[in-house]
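Engineer: Pasting in a structure now, in structure tokens, and then I'll have a few things to ask.
The values are calculated or read from the model by the stated rules, or taken from the named source; none is laboratory data. What you see is a predicted model, and the numbers here were worked out from it, not measured in a lab. With ideal geometry, Cβ positions are generated from the backbone for all residues, glycine too; neighbour counts draw on all protein chains shown. Accessible surface is based on the protein model in full, side chains and every heavy atom, while ligands, DNA and RNA are left aside. Shrake-Rupley method; radii C 1.70, N 1.55, O 1.52, S 1.80 Å.
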Amino acid sequence: MIPKIENLRRIEETGIVAVVRADNPDQALKIAEAVKAGGIEAIEITMTVPGAVDVIKELANTYKNREILIGAGSVLDAETARACILAGAEYIVSPALDKDTITLCNSYQKIVMPGAMTVTEVHRAMQYGADVVKIFPATLFGPKIIKAIKGPMPQAPLLPTGGVSLDNVHEWIKAGSFAVGVGGELTAGAKTGDYEAVTRTAAEFIKRIKEARQA
């Protein structure tokens, strides 16, 4: 199987992308380890983390057997996307829609998830060659935005980010999300050094996503 297709399958099966924001590289690495221990495979290191590209490189070297799927988030341009890919990122996530970034990722056969807020932007992202469209900031709309977009565009794979919690993740999944992106709700424990809490939350998210799909 082509690695890109296999990676998309892994993200869809787990149903969640862990969005890692941290104050320093060490904290980012600890969050990634805690999330992995909770069973989440797709871990997105955002470019807002100091030394983010080096964090991606270290994770890629640590998990050479692909135990986790390393991605880069908050990527705003093709130059940054290329740096992340060369460091070991298997997927690129952006808060915005940038054609050059999508083209660059496709040339490297890496997953690309540009951000969109409207049906027009979702349509354009898919025309440009996006693999998954990140609905952001999803907190402005709630789960109903997924159902609304998939009405005229049922083929659109959507990943809402922002506003996804343990209390409502089942609604996002039932609305038709390909997967969900979760940041602060998942990694809150890291602020006080409680990485075990991060692991427990990760496991609970996976449990509730599975239950929502089975229902």
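Engineer: Using a 1.4 Å probe, how large is the accessible area of Arg213, given in Å² and rounded to the nearest 10?
Structural biologist: Here the residue's solvent-accessible area equals roughly 100 Å².
Engineer: Using a 1.4 angstrom probe with every protein chain in place, what is the largest-first accessible-area order of Phe141, Phe205, Phe178?
Structural biologist: Phe141, Phe178, Phe205
Engineer: Heavy atoms of the protein only, probe of 1.4 Å, neighbouring chains included. What is the accessible area of Lys174 in Å², nearest 10?
Structural biologist: Surface open to solvent at Lys174 totals about 130 Å².
Engineer: What is the extension gain from Ile5 to Lys144, computed as 0.36 nm multiplied by their sequence separation minus the C-alpha to C-alpha distance, in nm to one decimal?
Structural biologist: The Ile5-Lys144 span can extend by a further 47.2 nm.
Engineer: What whole-number value in Å² describes the accessible area per residue of segment 162-207 for a 1.4 Å probe?
Structural biologist: 44 Å²
Engineer: If R0 is 25 Å, what FRET efficiency do you get for Thr62 and Lys207 from their C-beta distance, rounded to 0.05?
Structural biologist: My answer for the efficiency is 0.45.
Engineer: If you take every residue apart from Met126 with its C-beta less than 14 Å away from the C-beta of Met126, what net charge results, scoring Lys and Arg +1 and Asp and Glu -1?
Structural biologist: Taking every Cβ under 14 Å from that of Met126, the sum is +2.
Engineer: In the set [x] 18.2; [y] 17.6; [z] 16.8, which value of Kirkwood radius over Cα pairs in Å was calculated from the structure you see?
Structural biologist: Comparing each candidate, only [z] matches the computed number.
Engineer: Order His123, His170, most accessible first, counting only protein heavy atoms with a 1.4 angstrom probe.
Structural biologist: His123, His170
Engineer: Students often check this: by mean Cβ neighbours within 10 Å, which of 27-40, 182-195, 153-166 ranks highest, and how do the rest follow?
Structural biologist: 27-40, 153-166, 182-195
Engineer: Roughly how many percent of the accessible protein surface of segment 32-177 is carbon and sulfur, given a 1.4 Å probe and a whole-percent answer?
Structural biologist: 50 percent
Engineer: Counting only helical runs of four or more DSSP H residues, what would the 222 nm mean residue ellipticity of the chain come to if each run contributes -39,500 (n - 2.57) and the total is spread over all its residues?
Structural biologist: So the calculated ellipticity at 222 nm is -14000 deg cm²/dmol.
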